[in-house]
1. For segment 259-295, name all the residues that are outside any helix (DSSP H, G or I), on the phi < 0 side of the Ramachandran plot and either in the same structural domain as G424 (by TED's automatic domain parsing) or of a type outside the set (A, V, I, L, M, F, W, C) (or both).
2. List the pairs whose first member sits in segment 345-368 and is in the same structural domain as A387 (by TED's automatic domain parsing) and among the polar types (S, T, N, Q), whose second member is assigned to a loop (DSSP other than H, G, I, E, B) and more than 12 Å from ligand 1 (Cβ to nearest atom), and whose Cβ atoms are under 8 Å apart, counting only residues at least 6 apart or on separate chains?
3. Considering only segment 365-380, I want to know if a residue exists there that is over 12 Å from V392 (Cβ atoms), away from ligand 1 (no atom under 16 Å from the Cβ) and outside any helix (DSSP H, G or I).
4. Being more than 8 Å from ligand 1 (Cβ to nearest atom) and in contact with an Asp or Glu (Cβ under 9 Å, 6 or more places away or on another chain) is the filter; apply it to segment 399-432 and report the residue that is nearest to V347 (Cα to Cα).
5. How many residues does segment 402-436 contain that are polar (S, T, N, Q), part of a loop (DSSP other than H, G, I, E, B) and either assigned by TED's automatic domain parsing to the domain that holds A249 or under 35 Å from the mean Cα position of the chain (by Cα) (or both)?
6. In segment 201-230, what count of residues is obtained for those that are touching a residue at least 12 places away in the same chain (Cβ under 8 Å) and surrounded by fewer than 11 Cβ atoms within 10 Å (Cβ to Cβ)?
Amino acid sequence: MTAPVKPGPPRWYRPRSLRGKLLIWLVPLYLVMALLSGAASYYRYEALIRRFMDELMETLAYSHGAGRIEDIAPLPLLSLARANENGAVVVQLWTQDGRLITSSRSDAAVPLQAKPGHHLLVDEKNKDQLWRVFTAPPGVRANQPRVQVLQSERFAKEEVARRTFFAAVPIALLVPVTLLVLWLVVARTSRSLHSVADHVARRDHRNLDELPASQVPEEIAPLVGAFNTLLARLQQAFVAQRRFVQDAAHELRTPMTAVALQMENLRASVPDGQARDQLAQLEAGMRRAHHLVEQLLCLSRQDASATPPPTDPVDLTALLRESVGQCMALADRRRIEVGFNGQVAPVFRASVSDLRSVFDNLLDNALRYTPEGGEIEVRVHTAGGRAVVDVVDSGPGLPHHMLERVFDRFFRMPGAPSGGSGLGLAITRAAALRQGLSVELRARDDGASGLVARVRLPA
Ligand SMILES: Nc1ncnc2c1ncn2[C@@H]1O[C@H](COP(=O)(O)OP(=O)(O)OP(=O)(O)O)[C@@H](O)[C@H]1O
Ligand SMILES: [Mg+2]
């Protein structure tokens, strides 16, 4: 059989969370969209502004070129700052043979271009200044001036960049806003999933009711539905299994009682000797089987009851004294000293049968696993503000890693004395939990060999 392949830890590019997945897909998508839209806007604005500027320069050139050279007055001067910042144009008027008559900017060093049309030229004095130039074709009359119009290229570039920036800003803003909205939506959705998970976490095998599907998103509802179907099937299976165990244990009880009775009768007619020993062994085996059936019945009854048994005010001191009293005969036979001491336990509401289950099983263990001549003490005290009952024995104790394991059904320590079924501690814990008590096993505080079974009462 091949071992199941475990999914590796999530990597940054392969996250397992929905939030991570959405981010990993959407952030690059938005960035690419923002870049593409920026580039598209740039080219569109560039074409638009260029065409607008070219048309403006051409109109200006033709309107200035219509007069006669003799009538030309000096043009009003324009500063370089204005040309760069506002895109103001510079107009130059020339004679047909290339002599500058007047210019709206005296320091614009661009000679008259022989070829009419649009040019891109560097200023001859100021190499940082780049000009878009329109040279009008010569007029038909000899006394017409030649016109050249200049406009700062830096202005055009800055204008295109500015407009592209404003076009890209909304998309750039959309990235954090969408991510924030996504984050909130996913957080809300996962909150509803967490509430379903909480419902599941609070369940045990006795509570397999349907999970609420109304709170989860539609996409998750089929999963919850499938889970509910599984829960229903599990519940049926549990009920069938419990009924089987209960019926089997119940059915076994009657023939076993009959066999025990037969053996009792047989005893009188069996002579002393080997046959008597064998009968004694048979009787011990019968007792073990009987004990197992009783424990099984007890466990299946606990499992079957969905509602806790009725509670009454319980005088714990009296209940403990009674339990101790009941095991005195066996303790005497095994020369085990059983002591009871400590404070007076509080009176509280609980089910007497559950409390008896807890303390009888713990005392039974202490008696069974403590060797002859040992000691058992039932101690009542307070720890951490809660009343505590300790059943302390001087037996072999348990290794640390087994202190929890022994609560498993049918688990017995290898080499444990025969007679037990391995169900006592499972019954103890289930009964304790139902009454709000906690049970744990621990080593003795004084370092001596033995075990302490500690029961904490509700706060
Ligand atoms: N006081 C103890 N000292 C040493 N070992 C213990 C003690 N109590 C329990 N154990 C170990 O834990 C195992 C499980 O105990 P549990 O009470 O569940 O079953 P059991 O005593 O074997 O049978 P049952 O209680 O059903 O008659 C025991 O078999 C024993 O090995
Ligand atoms: Mg036991």
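1. Taking segment 259-295 as the starting set, the residues that turn out to be outside any helix (DSSP H, G or I) are 270-273.
Subsequent filtering for residues that are on the phi < 0 side of the Ramachandran plot retains 270-272.
P271, D272, listed by residue number.
2. S351/P308; S351/P309; S351/P310; S351/T311; S351/Q435; S353/P309
3. Among the residues of segment 365-380, not one is over 12 Å from V392 (Cβ atoms), away from ligand 1 (no atom under 16 Å from the Cβ) and outside any helix (DSSP H, G or I), which makes the answer no.
4. By that ranking, first place goes to A432.
5. Summing the residues that are polar (S, T, N, Q), part of a loop (DSSP other than H, G, I, E, B) and either assigned by TED's automatic domain parsing to the domain that holds A249 or under 35 Å from the mean Cα position of the chain (by Cα) (or both) in segment 402-436 gives 1.
6. Here is the first cut: in segment 201-230, the residues touching a residue at least 12 places away in the same chain (Cβ under 8 Å) are 205-213, 215-217, 220, 224-225, 227-228.
In the following step, the residues that additionally are surrounded by fewer than 11 Cβ atoms within 10 Å (Cβ to Cβ) were identified as 205.
So the count comes out to 1.
The rows are residues; the columns are (1) modelled with pLDDT under 90; (2) over 30 Å from A280 (Cβ atoms); (3) assigned by TED's automatic domain parsing to the domain that holds R287.
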position	(1), (2), (3)
L211	yes, yes, no
R233	no, yes, yes
H250	yes, no, yes
M256	no, no, yes
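Conditions (1) assigned to a helix (DSSP H, G or I); (2) touching a residue at least 24 places away in the same chain (Cβ under 8 Å); (3) within 16 Å of ligand 2 (Cβ to nearest atom); (4) within 18 Å of R434 (Cβ to Cβ), marked per residue:
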| site | (1), (2), (3), (4) |
| --- | --- |
| L297 | yes, yes, yes, yes |
| P313 | no, yes, no, yes |
| T317 | yes, yes, no, no |
| G325 | yes, no, no, no |
| A329 | yes, no, no, no |
| N341 | no, yes, no, no |
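The values are calculated or read from the model by the stated rules, or taken from the named source; none is laboratory data. Everything numeric in this text was worked out from a predicted model, so none of it was measured. Neighbour counts are summed over all protein chains in view; Cβ atoms, including those assigned to glycine, are modelled from backbone coordinates with ideal geometry.
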